[in-house]
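A short worksheet on the structure shown next.
The values are calculated or read from the model by the stated rules, or taken from the named source; none is laboratory data. Fair warning: this is a prediction, and the values are worked out from it, not measured in the lab. Note that we place each Cβ from the backbone using ideal geometry, even for glycine, and neighbour counts take in every protein chain shown.
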Amino acid sequence: MRTALTDMLGVDFPLVAFSHCRDVVAAVTNSGGFGMLGAVRFTPDQLDEELSWLDAVTHGRPYGVDVLIPTQLAGRDEGLSADETAARVPAEHVEFARDLLLRYGVIGNGDDFQLRPAAAVQYEEENVKALLDVAFSHPVKLVASALGVPSPELVARAKSGGVPIAALVGKVEHARRQAAAGVDLIVAQGHEAGGHTGEITTMVLTPQVTDAVAPIPVLAAGGIADGRQIAAAIALGAAGVWTGSVWLMTEESETDAAVREKFAAASSADTMRSRVRTGKLARQLRSSWHDEWESAGSPGALPMPLMEMISDSAFQKIGQAAAAGSPEAYSLQSYFVGQVVGMLGSVRPAAEVVYAMIESYIEAVARLTEISADN
Ligand SMILES: Cc1cc2nc3c(=O)[nH]c(=O)nc-3n(C[C@H](O)[C@H](O)[C@H](O)COP(=O)(O)O)c2cc1C
């Protein structure tokens, strides 16, 4: 199959898989798709290690790296350090989190609750630059940025290295801005997607973005877990698809066991967009964490990265307690996931997911062709 994406990235099938796990990235790349490693949680040294491993196991097949460059971030304009930013977290919020964890038995009476200032470090300009330095020292075939327009330096650097640059957008205006900045590939990410996402659904967003930025190729993202949805995306004018949630339920993914179990049991109605995990609206599995933070007695969400300084630390403890068998911690446990969670009832090898997607895409196209021939 040939589209502007398969030509740009040198892949057999126009499928991009976003994952924070190198094993998923490798498995998709080695099965004819394109693995995109989310770099945000790695230090530059860790990223170098991950990419060296990918180089060894993908044997020249193409993969890419994704970084988060938020346009708006509390404390950044004032040049605050991570610790100075952490000092902006109101005591009321820390107390609310501590009390919540105490009530659910995640921490004991004498236990302290510490913020995680490192949540701010991951977005610092020097850190993102260092991650990109590492990425460009490996044979990456695509770099992507989410949550804002990439800087002119990043665009120039990618272009001088011959590496295309992609950006995620949730609105037509954002797509136009990215196109003007020189981005080579636009990912139209709809409301139903897992992670940070906007108001407009993939079905409505994709054709509008395609029209607005032509001839720049567009990928549809959000709500895609099988080949029928890929066929629909191609029909909407996309050159391929960008997927995230589906890979959380693969054998190669490091998804927490309790999260996986909750995903398997969840329906598409069990996700919500909420600010109470990162400070920006992100789609995730609804849990008691959300019910508590969105209740009348809650002090409410803080902006990014302040909210992450609380939730990263809290979810580390929640994960440990849930793994140790606490039902209360289990009820709090949650992770980012899109509405396609309702289609993800079992855990499969990533290659099997890729092949099933290709097969169901072929079937969907055959069905459409048959219908057209009959008329
Ligand atoms: C667990 C999770 C984490 C994500 N983290 C990022 C990220 O760091 N950078 C990014 O560009 N997109 C991120 N996304 C969004 C994905 O790249 C992708 O656009 C989205 O998952 C597509 O929708 P789907 O989940 O319905 O497949 C994340 C998605 C999920 C599910």
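Is it the case, given these coordinates, that Val341 is closer than 30 Å to Arg116 by Cβ, assigned to a loop (DSSP other than H, G, I, E, B) and β-branched (Val, Ile, Thr)?
On the way: closer than 30 Å to Arg116 by Cβ: yes; assigned to a loop (DSSP other than H, G, I, E, B): no; β-branched (Val, Ile, Thr): yes.
Answer is no for this residue.
Here is a yes/no grid of residues against (1) more than 18 Å from the chain's Cα centre (by Cα); (2) more than 9 Å from the ligand (Cβ to nearest atom); (3) buried (at least 22 other Cβ atoms within 10 Å of the Cβ); (4) closer than 21 Å to Asp7 by Cβ:
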position: Ile224; (1), (2), (3), (4): no, no, yes, yes
position: Ala232; (1), (2), (3), (4): yes, yes, no, no
position: Leu248; (1), (2), (3), (4): no, no, yes, no
position: Glu254; (1), (2), (3), (4): no, yes, no, no
position: Arg260; (1), (2), (3), (4): no, yes, no, no
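Which of the residues belonging to region 106-125 are in a loop (DSSP other than H, G, I, E, B) and of a type in the set (Val, Ile, Thr)? Let's see the steps before the verdict.
If we filter region 106-125 for residues that are in a loop (DSSP other than H, G, I, E, B), which is where we start, we get 106-117, 122-124.
Within region 106-125, Val106, Ile107 meet the criteria.
For region 126-147, enumerate the residues that are part of a helix (DSSP H, G or I) and touching a residue at least 24 places away in the same chain (Cβ under 8 Å).
Within region 126-147, Asn127, Val128, Ala130, Leu131, Leu132, Asp133, Val134, Ala135, Phe136 meet the criteria.
Please find, among Ser19, Ser31, the residue that is modelled with pLDDT of 95 or more and buried (at least 24 other Cβ atoms within 10 Å of the Cβ).
Of the residues listed, the single one that is modelled with pLDDT of 95 or more and buried (at least 24 other Cβ atoms within 10 Å of the Cβ) is Ser19.
Looking at Val337, Val365 in this structure, which one is hydrophobic (A, V, I, L, M, F, W, C) and assigned by TED's automatic domain parsing to the domain that holds Ala146?
Within the list Val337, Val365, the selection yields Val365.
So Glu49 passes all but one of these: (1) surrounded by fewer than 20 Cβ atoms within 10 Å (Cβ to Cβ); (2) in a loop (DSSP other than H, G, I, E, B); (3) of a type outside the set (S, T, N, Q). Which condition number does it fail?
(2) is the only condition that Glu49 fails.
Per-residue answers, yes or no, for (1) among the aliphatic types (A, V, I, L, M); (2) over 22 Å from Gly38 (Cβ atoms); (3) touching a Lys or Arg at 6+ places or on another chain (Cβ under 6 Å); (4) surrounded by 14 or more Cβ atoms within 10 Å (Cβ to Cβ):
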{"residue": "Glu328", "(1), (2), (3), (4)": "no, yes, no, yes"}
{"residue": "Ser331", "(1), (2), (3), (4)": "no, yes, no, yes"}
{"residue": "Ser334", "(1), (2), (3), (4)": "no, no, no, yes"}
{"residue": "Val340", "(1), (2), (3), (4)": "yes, no, no, yes"}
{"residue": "Gly345", "(1), (2), (3), (4)": "no, yes, no, no"}
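Scan region 1-11 and tell me whether some residue there is away from the ligand (no atom under 16 Å from the Cβ), under 17 Å from Val353 (Cα atoms) and of a type in the set (S, T, N, Q).
Checked against the condition, which is being away from the ligand (no atom under 16 Å from the Cβ), under 17 Å from Val353 (Cα atoms) and of a type in the set (S, T, N, Q), region 1-11 yields no hits at all.
Taking Glu199 as the residue in question, decide whether it is modelled with pLDDT under 95, farther than 19 Å from Met343 by Cβ and surrounded by fewer than 16 Cβ atoms within 10 Å (Cβ to Cβ).
Against the criterion (modelled with pLDDT under 95, farther than 19 Å from Met343 by Cβ and surrounded by fewer than 16 Cβ atoms within 10 Å (Cβ to Cβ)), Glu199 does not qualify.
Just need a number here: residues in region 24-40 that are away from the ligand (no atom under 15 Å from the Cβ) and either more than 18 Å from Gly60 (Cβ to Cβ) or not in a loop (DSSP other than H, G, I, E, B) (or both). Outline the logic, then answer.
Step one: list which residues in region 24-40 are away from the ligand (no atom under 15 Å from the Cβ), which gives 26-27, 29-32.
When the remaining residues are screened for being either more than 18 Å from Gly60 (Cβ to Cβ) or not in a loop (DSSP other than H, G, I, E, B) (or both), the result is 26-27, 29.
Qualifying residue count, region 24-40: 3.
What do you reckon, is Ala225 in a helix (DSSP H, G or I), in the same structural domain as Leu168 (by TED's automatic domain parsing) and closer than 25 Å to Val169 by Cα? Lay out the reasoning, then the answer.
Details: in a helix (DSSP H, G or I): no; in the same structural domain as Leu168 (by TED's automatic domain parsing): yes; closer than 25 Å to Val169 by Cα: yes.
Against the criterion (in a helix (DSSP H, G or I), in the same structural domain as Leu168 (by TED's automatic domain parsing) and closer than 25 Å to Val169 by Cα), Ala225 does not qualify.
How about region 173-207: which of its residues are away from the ligand (no atom under 14 Å from the Cβ) and closer than 24 Å to Met1 by Cα?
Asp184, Pro207
In region 293-303, what count of residues is obtained for those that are buried (at least 19 other Cβ atoms within 10 Å of the Cβ) and either out of contact with any strand residue (DSSP E or B) (no Cβ under 9 Å at 6 or more places or on another chain) or of a type in the set (Gly, Ala, Ser) (or both)?
Within region 293-303, residues that are buried (at least 19 other Cβ atoms within 10 Å of the Cβ) and either out of contact with any strand residue (DSSP E or B) (no Cβ under 9 Å at 6 or more places or on another chain) or of a type in the set (Gly, Ala, Ser) (or both) number 2.
Does Thr278 satisfy the criteria of being of a type outside the set (Lys, Arg), in contact with a Ser or Thr (Cβ under 8 Å, 6 or more places away or on another chain) and not in a helix (DSSP H, G or I)? Give the steps one after another, and end with the answer.
On the way: of a type outside the set (Lys, Arg): yes; in contact with a Ser or Thr (Cβ under 8 Å, 6 or more places away or on another chain): yes; not in a helix (DSSP H, G or I): yes.
In short, yes.
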